[in-house]
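Inspection log for the structure reproduced underneath, given as structure tokens.
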Amino acid sequence: MLLINNELIWISIPRCASTSIETAIYNSSLNIKKVISEIQLIDEVKNKIKYHSHTRKNNCLDYFGHKDTICMTRNWLDRLLSAFEYFFHCSIVQHNNELICNWEDVDNTFIYQYFNTDLANALYSENSKEIQKYYNSLFVKINKNLPDTLYIFNSQNFWKENEKCTYEFDISEINKFIDFMEDRFGVKLDITKMNDTKKVKNKIEVNDELKTFLWNTFESRFINKTNLI
């Protein structure tokens, strides 16, 4: 979590250009305060990198106080599909783990079986033991254990505590976010696309059945209405 110029809290939502935006903020003249653990702080100093993490809105407010919040959002289905691809890419390319299924072979049946309500319940209850169990079930061999990767599947509303931030921008209109920051702080951010994945064809068929399944599994508990958006 980041506090910008002691007045605006950035809420980082996974798969919503968060890495690109935070890198631009770090590289700007804005005054930034962040919260990371002692171990992560040591790693940051040692490796001279900026630690990227995702923290829920209420935790940010508890630490920094009740200030304005800002975030980037995305169409819920696009974000979830991006999360699936990133999970497989990150697991294999970045961490050299061996999955039970290659991304190009992932189909609807695989998603229904492994990314189900039990997994979502574990994620939303933050039950680390259950999350670890589901994480382990996805791999033949784990060389680097990063169960937190599964948190990218949590709904955007999970990170926002089912409330709107003071300021929200859609990922398709990132220029509006840049203009807002320049108007408020007099700093024009240079946002470069990062943390992207190479688009590889898979066997997922985006149909009404899949949309309903994903909506009911990961999204509906945060929405009062029942129709898909």
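Scan segment 186-209 and give yes if some residue there is aliphatic (A, V, I, L, M), assigned to a helix (DSSP H, G or I) and touching a residue at least 60 places away in the same chain (Cβ under 8 Å), otherwise no. Can you show your working first?
Pass one, segment 186-209, residues aliphatic (A, V, I, L, M): 187, 189, 191, 194, 200, 204, 206.
Now narrow it down to the ones that are assigned to a helix (DSSP H, G or I): none.
The answer is no, given that none of the residues of segment 186-209 is aliphatic (A, V, I, L, M), assigned to a helix (DSSP H, G or I) and touching a residue at least 60 places away in the same chain (Cβ under 8 Å).
Checking the conditions here, which among Leu146, Leu138, Leu77 is of a type in the set (A, V, I, L, M), modelled with pLDDT under 95 and in contact with a helix residue (DSSP H, G or I) (Cβ under 7 Å, 6 or more places away or on another chain)?
Values: Leu146 fails: in contact with a helix residue (DSSP H, G or I) (Cβ under 7 Å, 6 or more places away or on another chain); Leu77 fails: modelled with pLDDT under 95.
That would be Leu138, the only listed residue that is of a type in the set (A, V, I, L, M), modelled with pLDDT under 95 and in contact with a helix residue (DSSP H, G or I) (Cβ under 7 Å, 6 or more places away or on another chain).
Need pairs with beta-carbon distance below 6 Å; first residue more than 12 Å from Trp10 (Cα to Cα) and within segment 54-67, second hydrophobic (A, V, I, L, M, F, W, C); sequence gap 6+ or separate chains.
Taking only residues 6 or more apart or on different chains, the pairs are Tyr63/Val35.
Condition first: farther than 19 Å from Asn75 by Cβ and of a type in the set (A, V, I, L, M). Now tell me which residues in segment 163-190 satisfy that.
Ile178, Met181, Val187, Leu189
Please work out if Lys160 is charged (D, E, K, R) and without any contact (Cβ under 8 Å) to a residue 24 or more places away in the chain.
For Lys160, the condition - charged (D, E, K, R) and without any contact (Cβ under 8 Å) to a residue 24 or more places away in the chain - is not met.
Name the single residue that is nearest to Lys211 (Cα to Cα) among those in segment 101-118 being hydrophobic (A, V, I, L, M, F, W, C) and in contact (Cβ under 8 Å) with a residue 40 or more places away in the chain.
The selected residue is Ile111.
If you scan segment 125-146, which residues turn out to be part of a helix (DSSP H, G or I) and loosely packed, with under 15 Cβ neighbours inside 10 Å?
Result: Ser125, Ser128, Lys129, Gln132, Lys133, Asn136, Ser137.
With the requirement that a residue be under 25 Å from Trp159 (Cα atoms), β-branched (Val, Ile, Thr) and assigned to a loop (DSSP other than H, G, I, E, B), what does segment 88-124 give you?
Listed by number, the list is empty, since nothing qualifies.
Counting only residues that are in a helix (DSSP H, G or I) and either at pLDDT below 90 or closer than 12 Å to Met72 by Cβ (or both), how many does segment 26-53 have? Spell out how you get there, then give the answer.
Here is the first cut: in segment 26-53, the ones in a helix (DSSP H, G or I) are 26, 38-47.
Checking which are either at pLDDT below 90 or closer than 12 Å to Met72 by Cβ (or both) leaves us with 38-47.
Within segment 26-53, residues that are in a helix (DSSP H, G or I) and either at pLDDT below 90 or closer than 12 Å to Met72 by Cβ (or both) number 10.
The values are calculated or read from the model by the stated rules, or taken from the named source; none is laboratory data. Computed from a predicted structure; not experimentally measured. With ideal geometry, Cβ positions are generated from the backbone for all residues, glycine too; neighbour counts draw on all protein chains shown.
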